[in-house]
Amino acid sequence: MLTHAITADPVLEFVSDVRAGLTLRGQKELPSKYLYDDVGSALFEVISVLPQYGLTRADERLLRRHASEIADNVPKHVAVAELGSGSGKKTRWILKALCRRQHISYFPIEISPTALAMCERELGDIESMSIVGFEREYLDGLIEVVARRHDGQSILVLFLGSTIGNFDRPAAAKFLREVRNILQPGDSLLLGTDFEKPIPQLIAAYDDPLGVTAAFNLNLLARINRELDADFVLEQFEHVAKFNPDARSIEMHLRSRIDQNATIPRAGLSVSFREGETIWTESSHKYGWTEPLRIAKDAGFVCKAQWIDQEWAFAENLFIAE
Ligand code: AVI
C-alpha cells in the first residue's frame, strides 16, 4: 500500500491539546482522539468483542448481510474513502461486493500509521482493488481523495462504527456539512449510527465488568506519561461512565481518587486535581430513530436506504449528496 504520511508535527499538537484541556478553569478535558495510540487501539479491538458492547458486532452484521444491496445502490465506477478505517476488518464485505462489479480504489484515512498498516494486512488480498492510505485528519484526507477523482468516477465515503457519535451534535452537523461540501452531487455517504438504549445497557457497554474500557480510558494518562514524560499515578484515577440526559450521550471521565498534582514536563505544566474531580475524555452520543436522516438532510444529503440491526439498535444509513 502506498501511504501519504502526515506533515504537521503530531507531538506539538498533542502537547498543545493536553495543555489547553488540563488548564481549563472548569471541567478539565482531553480530546477523545488521543485514546487511540497503539495500546488504546488494541484495547478498543477487545472492547468491540465484549458481550456488553454490541455496537461493533451490529455494525459488522449489517455490513456483512447487506453488502450486495449497499453496492447495488452505489454507482459502478466508484472510489471508496473510509474515514477512520481502524483495522479495516468490517469494511471487507462491502469492498468485496463493490469489487465484484468493477475494479475499485480504496483510500483509508487514518491518523494512526499502525492502523493503516493493519488495514493493508487485512484487506491487501482483495482482488481488483488498489489501496492508497492517507495518514491525515478526516477532512484533509477526503480533500486529497477527491482531488484524485477520475472522470466520471463517483466517491463513496464510509464513516462507520458510530464514530459520528463521538462528536457533539452541533459538531456532527457541521462535520456532515463539510463532508457534503467536499463531495459532488451524486456521491454517497454510508454512515453508521447508534440509537438510544436503556441507560443500564449503555452504562454496562461503557463500564464493562472486565475493566477493558477502564484500561482503554486510563491508557490516555499512561500515554501522556510515555510521550510527554508526565508522572500520572494511574492507581490514583478511576474510570467513570455516566449518562448525560441533556446531551443524550454516555460520557467517559477519569476521576481523581485523592487531592494530587501531576507534572507534564514536555508541556511545561503542573496540574492539580481535587479528590473527586474528573477529566472528561469522551462522549458517545446516541441518536433518536429519525435523527440521522434529519442531520443528513440538513447537510445536503438525501437518504437512499437504511438498514437497522435487530439485536442492537444500530443503523447503516446510505445518503446521496444532492
Ligand atoms: C469509536 N467509538 C464509536 C466508540 C464509542 O462507542 O463511542 C469508542 C468507545 N469508547 C468506549 N467504548 C467504545
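Applying 1/(1 + (r/R0)^6) with r as the Cβ-Cβ distance of residue 203 and residue 9 and R0 = 35 angstrom yields a FRET efficiency of 0.35.
The simple spin-label model puts a point 7 Å past each Cα toward its Cβ; for residue 290 and residue 263 those points are separated by 5.8 nm. Given 25 °C and 0.890 mPa s, how large is the Stokes-Einstein diffusion coefficient of segment 104-144 in µm²/s, with Rh as the Kirkwood radius over Cα pairs? The diffusion coefficient I find is 235 µm²/s.
Taking Lys and Arg as +1 and Asp and Glu as -1, the other residues whose beta-carbon sits under 13 Å from that of residue 170 total 0. For the chain, set up a GNM with springs between Cα atoms under 10 Å and report which of 285, 239, 150 has the largest fluctuation. In this elastic network of the chain, the residue with the biggest mean-square fluctuation among 285, 239, 150 is 150. Computed from the alpha carbon atoms alone, the convex hull of segment 165-205 holds 83 Å³ per residue. Solvent-free Debye calculation, one equal scatterer per alpha-carbon of the chain: log10 I(q)/I(0) at 0.08, 0.09, 0.12, 0.15 Å⁻¹ equals -0.37, -0.47, -0.84, -1.28. The distance linking segment 13-34 with segment 82-126 is 31 Å (Cα centroid to Cα centroid, whole angstrom).
When the chain is modelled as a GNM with alpha-carbon springs shorter than 10 Å, which of 112, 270, 284 fluctuates the most? Comparing 112, 270, 284 in a Gaussian network model of the chain, the most mobile one is 270. Pair-distance distribution P(r) for segment 187-322, from all Cα-Cα distances in 5 Å bins starting at 0: 2, 9, 15, 15, 14, 12, 10, 9, 8, 5, 1 percent.
Each Lys or Arg adds one and each Asp or Glu takes one away; over the other residues whose Cβ falls under 10 Å from the Cβ of residue 205, this sums to -2. Largest GNM mean-square fluctuation across 294, 177, 57, computed for the chain with C-alpha springs under 10 Å, falls on 294.
For the pair segment 291-322 / segment 184-261, the C-alpha centres are spaced 26 Å from each other.
Dipole of segment 3-64 computed with +1 at Lys/Arg Cβ and -1 at Asp/Glu Cβ about the Cα centre; of 63, 42, 10, farthest Cα towards the positive end is 63. Note that segment 147-229 carries a Kirkwood radius of 16.3 Å, evaluated over its alpha carbons pair by pair. Dipole check for the chain: with +1 at the C-beta of Lys and Arg, -1 at the C-beta of Asp and Glu, and the Cα centre as origin, the magnitude is about 740 Debye. Taken over segment 43-113, the alpha-carbon convex hull comes to 88 cubic angstrom per residue.
Any read-out appearing in this document is the output of simple, stated calculations on the displayed coordinates, not a laboratory observation. Fair warning: this is a prediction, and the values are worked out from it, not measured in the lab. We place every Cβ from the backbone using ideal geometry, glycine too, and count neighbours over all the protein chains shown.
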